[in-house]
Amino acid sequence: MIIDRTHRTWIVSSCVVVIATTAWYVVYAKNSPDGPSGGSPTGLALGILGTALMIACGLLSVRKRLSRWAIGTARGWLKAHIYLGLLSVPLILFHAGLRLGGPLEQVLMLVFALIIISGLIGVALQQYLPRVMKSTISAETAYDQIPSVCRSLRASADEAVSSVCGGLFETTSEPGAADSQNDLRQFYVRQVRPFLASTDGRGFAVGSASQAAALFAQIRVRLPENFHETLDQLSTICRERRHLVVQHRLHHWLHGWLLLHIPLSMTLLVLGLAHAIMSLYY
């Protein structure tokens, strides 16, 4: 989600709540002879509010599963997830009296901190990576369609080479044009086609724009002009495949942080429940 002017209300409201909550905590701490405690009425209230905000953040996953229900907009839920999650930070810290507490509480704080940090990383990536994707990729492809587009590019390249060379994996020793056909065929089979057939596009010379330009320039010198149009087609196909490689990589960066964020959130829910039970009974 891009942070823009539509977030202004959330930002202002969050700042007001943080200031009010901080003032509340300062007054409470000053009037507590033994210092702030999570078991005091105010400490419990702060803990309940902080927990309620975290649960509200967790409802985003429920909203995604019930996307057919008209319960707000996806953008609105994402905004709530971000700002309610941030608002839970001072509430939980104030609930703990700005202390780490015992072993369970320390683990809780560590998991909580990792969730907030991973969430902030996710927000930062969402501000930066879409702009990178827009500037480096000529035409974005739906992520789940990338394998299909890659197969289509490889089929187009196979057809382009076959149209001038015959079979892709045949060789001939006949002089003249056959030598050029062999050169193009070998260049395609050894350099281009493995790149087009790869899953991640890494480790191939034509996967680099500069190396691909050098390789295509070298083979162009060796081939007659009637083969240059096919080389241009292959160069264009390789460029499109490189764009898909970049998009695939950026997509993993853009969503990979969730592999940490979501499991940690589930862990926090279990640990938070254990903390509540232990606080009530001990």
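Can you run down the residue pairs with Cβ atoms below 9 Å, 6 or more apart or on separate chains, where the first is in region 84-107 and without any contact (Cβ under 8 Å) to a residue 12 or more places away in the chain and part of a helix (DSSP H, G or I) and the partner is loosely packed, with under 14 Cβ neighbours inside 10 Å and hydrophobic (A, V, I, L, M, F, W, C)?
Close Cβ pairs satisfying both conditions: 106/100.
Considering only region 197-217, how many residues are assigned to a helix (DSSP H, G or I) and surrounded by 10 or more Cβ atoms within 10 Å (Cβ to Cβ)?
12
Taking region 218-257 only, how many residues are surrounded by 14 or more Cβ atoms within 10 Å (Cβ to Cβ), over 15 Å from the mean Cα position of the chain (by Cα) and hydrophobic (A, V, I, L, M, F, W, C)?
So the answer is 8.
Please find, among 113, 74, 70, 80, the residue that is out of contact with any Gly (no Cβ under 9 Å at 6 or more places or on another chain), of a type outside the set (Phe, Trp, Tyr) and either closer than 30 Å to residue 27 by Cβ or modelled with pLDDT of 90 or more (or both).
On inspection, the qualifying residue turns out to be 113.
Report, by residue number, each residue of region 263-282 that is part of a helix (DSSP H, G or I), loosely packed, with under 12 Cβ neighbours inside 10 Å and modelled with pLDDT under 85.
Those that are part of a helix (DSSP H, G or I), loosely packed, with under 12 Cβ neighbours inside 10 Å and modelled with pLDDT under 85: 277, 280, 281.
Which of the following residues is surrounded by 13 or more Cβ atoms within 10 Å (Cβ to Cβ) and of a type outside the set (Asp, Glu): 106, 126?
126
The values are calculated or read from the model by the stated rules, or taken from the named source; none is laboratory data. Computed from a prediction, not measured in an experiment: that's the story for all the values here. Neighbour counts run over all protein chains shown; Cβ positions are idealised from the backbone, glycine included.
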